[in-house]
Amino acid sequence: MRIGLVGVGRIGAFHARTLASLDAVDELVVTDADQTAARTLGTELGIPVAEGTEALLGAGIDGLVIAAATPAHASLLAAGVAAGVPTFCEKPLAATLPETLAVAALVEDSGVPVQIGFQRRFDAGYLRVRQAVRGGVLGFVHTIRANTHDQAPPHPAYIPTSGGIFRDCSVHDFDIIRFVTGREVSTVYATGANKGADFFTAAGDVDTGAAVLTLDDGTIVLVSATRYNGGGHDVRLEVLGEKGALGVGLDHSLALDSAEADVDFPAGPRHWSFMDRFQPAYRAELAAFVDVARGERPSPCTVRDALEAFRVAEACELSRAAHRPVALADIKGA
């Protein structure tokens, strides 16, 4: 398999190293708008560099991985689909809901396999909880708690194009909630605040957000996100049911100290970034994409999945701004 990758920033370089290590990938070709960065990574990994997306798509690749900045996702996806190349794209599909709807329609009409990068679907803990929920082990589920707490904020330049905390961070929770439960979100009520750097406010964003979601079967979901979790990177999911409760992220890496006496949990070490926390999931995700590109399996995370998670994030941003509940029926869908 010959795989092409667009974008060699933080996540793109991470994906490049992962792809280069997969036995099924015979050759990796990269490109980036910053050709100097692309050549630096090419030299490090001993791989060829294409001079732009057009050259990459013309290089006989069997699959395309998009890890460029969010504003480029829609056009790159369209280019990959037009070339008939199976494509993996980091979330989100696009920066806005209208663009997301248009790209989703384009992909679905094309029939070209496309996988979207929601790596938590490949994490062992989330897969176990999904199996328990779908198998009825917990009885009926009444409450879910989901959080994405970054240890420290990203670079200030990232925030204005991030889409906001719900579209950038909590969208992972929105996707995994759908994946684990098999249910859809009916209504949301969201809020947010800033106690950190001024650049969040300047971008119209918040550094901490929370939302109450009601699923279509009445399950209540409590979601929280922050850019300031000094104890470490903390991503968890807790599912509370009639017959039991199960959690993801409750191991010795937990970024939370106990106030109880004589408790030595968690013992550490802690995670400090999402790439550290989800390294095995990212590897499994890209290995799955190689199978998709070879025609051996359907996409495990479709453009429709990405659209539905984005619609929930869109509803949360509207709710935060308007200080009112928002029904998902009021957010345009396909």
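The values are calculated or read from the model by the stated rules, or taken from the named source; none is laboratory data. No experiment lies behind these values; they were computed from the predicted model shown. Ideal geometry is used to build each Cβ from the backbone, glycine not excepted, and the neighbour counts take in all protein chains shown. For the accessible areas, the whole protein counts, side chains as well, though only heavy atoms, and no ligand, DNA or RNA atoms are used. Shrake-Rupley method; radii C 1.70, N 1.55, O 1.52, S 1.80 Å.
So here's what we get for this one:
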item: Residue among Val188, Val312, Val137 with the largest mean-square fluctuation in a Gaussian network model of the chain, springs linking Cα atoms under 10 Å; result: Val137
item: Alpha-carbon gyration tensor eigenvalues x 5, square-rooted, for the chain, Å; result: 32, 22, 21
item: For segment 119-134 and segment 184-222, distance of Cα centres in Å; result: 23
item: Summed residue charge, Cβ within 11 Å of Ala59's Cβ, Lys/Arg positive, Asp/Glu negative; result: -3
item: Accessible-area composition of the chain, carbon plus sulfur, in percent [1.4 Å probe]; result: 53
item: For the chain: accessible area per residue (Å², 1.4 Å); result: 43
item: Helix axis angle, 10-21 relative to the chain longest principal axis, alpha carbon, degrees; result: 70
item: Cα-derived Rg over Rh, computed across segment 47-152 with Rh taken as Kirkwood radius; result: 1.09
item: Rg in Å to one decimal, and Dmax rounded to a whole Å, for segment 199-319 via C-alpha atoms; result: 18.1, 55
item: Rounded Å value of the spacing that divides the Cα centres of segment 48-100 and segment 272-316; result: 15
item: Share of pairwise Cα separations in segment 108-265, more than 20 Å, in percent; result: 56
item: Modelled label reach - Thr161, point 7 Å along Cα→Cβ, segment 23-44 residues with backbone N closer than 20 Å; result: 30-41
item: About the Cα centre, charge dipole magnitude for the chain (Lys/Arg +1, Asp/Glu -1 at Cβ), debye; result: 420
item: For segment 181-334, with +1 on Lys and Arg beta carbons and -1 on Asp and Glu, the positive-most of Ala313, Ala284, Ala261 along the dipole; result: Ala313
item: Alpha carbon Rg of segment 1-87, scaled by the compact-globule rule 2.2 N^0.38 Å; result: 0.95
item: Residues of segment 213-256 with amide N under 15 Å of the 7 Å Cα→Cβ point at Ala203; result: 226-228
item: Whole-Å semi-axes of segment 167-207's equivalent ellipsoid (Cα gyration tensor); result: 27, 11, 7
